[in-house]
Every structure is written in C-alpha cells, then in structure tokens.
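The structure appears below as structure tokens.
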Amino acid sequence: AKEAGRGRWRSYSHELGDANRRRLSIEQGLRSAIDNGEISLHWQPKLDLQSGKITGAEALMRWHHPELGAISPMEFIPIAEQCGLIDSLDIWALTEACRAGTKELAGLTIAVNVSASQLQFGEYLHHLKQVLRSSGIAPEKLELELTESVLIEDADKAMTVLNDIRSTGVRLALDDFGTGYSSLSYLRRFPFDTLKIDRSFVTELLTKQDARAIVRMIADLAKELGKRTVCEGVESDEQLQLVRAAGCHEIQGYLISPPCPLAAFPHELDAQLRA
Ligand code: C2E
Ligand code: CA
Ligand code: CA
Ligand code: CA
C-alpha cells in the first residue's frame with residue numbers, strides 16, 4: 001500500500017510539473033503572441049428578438065500557439081491577467097474590433113470584453129478615445145462587456161472610469177450577470193446599459209423552475225431600470241421560447257451561431273430559424 005501511495009504521489013507530481021510547464025509556455029508565448037500574429041478575433045452574432053435580425057456581434061479572442069495549438073481564452077485570459085499582459089491584449093482586441101466595426105461588420109453593434117485590471121490602470125479611457133478617433137466608429141455602436149470583478153477592487157475608481165467611458169457615448173454591459181455577489185447594488189450605482197444574463201441560468205431553464213424564475217426576474221428588473229437584457233448560451237429552440245417569454249431583448253448562443261471568423265459571420269439568420 002505504501003508503494004502504491006508513493007507511485008500515486010509521483011504521478012501527481014509529474015502532472016503538477018506538466019501543468020507548470022504548460023503555464024510557463026503560455027506566459028512566455030503570450031509575450032510575443034500579438035507581434036507574431038497568433039491572436040485573432042472570432043465573432044458571435046447577437047439576435048434581436050423584437051426585429052428577428054442580427055444586430056450585434058461580440059468579439060472573442062482566439063490564440064493559436066505555434067506548438068500547443070489552439071488555447072482557450074478561459075485558460076489564457078486569467079494567465080494574462082495575472083502576469084500583466086491583459087492590458088495590451090485587450091487594447092489590441094479593441095482596436096481590431098473597432099476596425100471591423102467600420103468595415104466588415106458596419107451597421108452592427110460591436111461588443112468587446114474588458115478585463116478588470118484595465119480599468120484600475122486608468123490608462124484605458126485614453127486608449128479608448130484614441131481608438132474611437134482612429135477607427136472612426138460611432139461610439140454608440142461600441143459596447144464594452146465587463147464583469148462584476150471590475151467593480152469590486154476599487155469601486156470608487158471604477159465608478160469614475162465607467163462614468164467617463166459612458167460620457168464618450170460608448171455603451172456598457174455587465175457580463176455574466178447573476179453569478180456575482182452584489183449585483184443588485186451595482187446595478188443601481190453603475191452606469192450599465194445592458195445586462196448579460198449568465199449562461200448557467202439559460203442552461204438550466206428547461207430543467208429547473210428556479211432558473212426560469214430568475215431569468216424572468218432579471219428581465220423584469222432590467223426593464224424597470226431601463227436596461228436591456230441579453231441572454232447568453234442559448235442552444236435550443238425551447239430555451240429561445242422561454243427567454244422570449246421572459247421578455248429578454250437579445251440572445252446569443254450556438255442556436256444562432258458559435259463564434260466564427262469574420263469571413264464566415266452570419267449576417268442573416270438561417271432559414272429554419274426565421275420560420
Ligand atoms: P464571455 O465573455 O462570457 O463569453 C461567452 C463564452 O461562451 C465564449 O467562450 C463563447 O464562445 C461561449 N458561448 C457562446 N455561446 C455558447 C453556447 O451556446 N453554449 C456554450 N456552451 N458556450 C457558448 P470563449 O470564446 O471561450 O470565451 C471565454 C471567456 O474568455 C469570455 O467569456 C471572456 O470572459 C473571456 N474573453 C474572451 N475574449 C476576451 C477578450 O478579448 N478580452 C478579455 N478580457 N476577455 C476575453
Ligand atoms: Ca462577454
Ligand atoms: Ca458572459
Ligand atoms: Ca464569462
């Protein structure tokens with residue numbers, strides 16, 4: 001038994017070694033990923049439920065590592081945040097997204113994700129104004145998606161930056177809404193235009209009565225506060241019907257389309273979905 005235990009420990013420590021090595025190569029690779037042209041944006045359409053048209057697109061970062069292959073943003077974004085590389089990644093994404101927003105995706109509302117550290121840093125507003133100017137995108141066509149974590153570290157600072165951003169005409173969305181702790185108080189205090197209802201609620205819509213109640217409650221509350229709601233992660237027609245019944249404004253999800261490269265972006269809804 002002792003031997004087996006030791007063996008288990010050895011393989012565990014090997015795995016730990018592998019994980020550390022992977023983390024290190026990700027961190028190393030990230031430093032030159034933009035310059036090497038390894039980072040790109042994929043785009044996921046947003047369907048407006050009232051008009052039945054695709055009216056927006058969210059930019060989602062993709063990284064193809066020369067040796068490790070495709071690495072999910074779920075893996076590399078947190079690492080980029082921890083080692084101070086997220087700021088340049090997010091500015092790159094913003095720049096590229098605004099460019100596309102005046103060309104291939106002209107007419108659509110463009111959504112870009114922004115990590116918390118960006119706003120704590122304070123340089124963000126300066127970069128944003130620069131990108132608005134150089135791209136020529138109409139500010140109201142741009143929406144920044146932030147999670148609650150942005151507001152927690154230094155709420156006063158965040159409030160100032162967010163109000164400054166809002167006064168450029170750029171819109172603000174609160175991402176992953178419903179998963180945090182103090183969402184309701186943030187809602188009242190911070191200048192968000194849109195709530196993105198987290199995918200976890202949508203996933204459970206068909207099986208859990210409480211998920212349905214929560215989505216309906218968020219949609220009602222948002223309406224009361226004059227905000228729009230977007231439902232993430234809609235994968236089935238049944239979910240779409242429930243989300244529509246709850247009164248959400250827009251949906252995103254595999255039912256409409258997964259995130260895809262610009263060239264494959266679906267400007268029109270599939271025929272079977274239009275029916
Ligand atoms: P997020 O902003 O909440 O993005 C939604 C995620 O859900 C995306 O994962 C998207 O591909 C996925 N998704 C969309 N529809 C469905 C669906 O119907 N079913 C399922 N199962 N998943 C769906 P992705 O692209 O892997 O991005 C993960 C996270 O990485 C994002 O979550 C966001 O927090 C972060 N991220 C991505 N790009 C950027 C970026 O440019 N900057 C920053 N700071 N974060 C980013
Ligand atoms: Ca997002
Ligand atoms: Ca989200
Ligand atoms: Ca998320």
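Values for this structure:
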quantity	calculated
The chain: antiparallel DSSP beta bridges as a percent of all, rounded to 5	45
FRET efficiency estimate (nearest 0.05) - Cβ-Cβ, Leu68 to Asp35, R0 22 angstrom	0.80
Debye, to nearest 20: dipole size of the chain, +1 on Lys, Arg Cβ, -1 on Asp, Glu Cβ	140
Gyration tensor (Cα) of region 119-191, equivalent ellipsoid semi-axes in angstrom	23, 13, 10
Pairwise Lys count, region 82-204 - Cα closer than 21 Å, eight or more residues apart or different chains	5
Equivalent ellipsoid semi-axes - Cα gyration tensor, region 51-145, angstrom	24, 18, 12
The chain: projected area of the alpha-carbon convex hull, averaged over directions, in nm²	17.8
Carbon + sulfur, % of accessible area of the chain - ligands and nucleic acids excluded, 1.4 Å	51
For region 184-275, size of Cβ-based charge dipole, Lys and Arg +1, Asp and Glu -1, in debye	400
Nearest-20 debye value, region 69-171 charge dipole, Cβ charges on Lys, Arg, Asp, Glu	540
The chain: angle of helix 2-33 to the longest principal axis, Cα-based, in degrees nearest 10	50
Degrees between helix 209-224 axis and first principal axis of the chain (Cα, 0 to 90, nearest 10)	50
Alpha-carbon Debye profile of region 109-260, log10 I(q)/I(0) at 0.15, 0.16 Å⁻¹	-0.79, -0.88
Beta bridges by DSSP in region 171-263, antiparallel share as percent, to the nearest 5	0
Thr109 - accessible surface, heavy atoms, 1.4 Å probe, Å² rounded to 10	40
Listed residues Ser236, Asn20, Ser40: farthest to the positive end of the dipole of the chain (Cβ charges)	Ser236
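The values are calculated or read from the model by the stated rules, or taken from the named source; none is laboratory data. A quick note: this is a predicted structure, and the numbers were derived from the prediction, not measured. Note that we place each Cβ from the backbone using ideal geometry, even for glycine, and neighbour counts take in every protein chain shown. Side chains included, ligands, DNA and RNA excluded: accessible areas come from the protein's heavy atoms. Shrake-Rupley method; radii C 1.70, N 1.55, O 1.52, S 1.80 Å.
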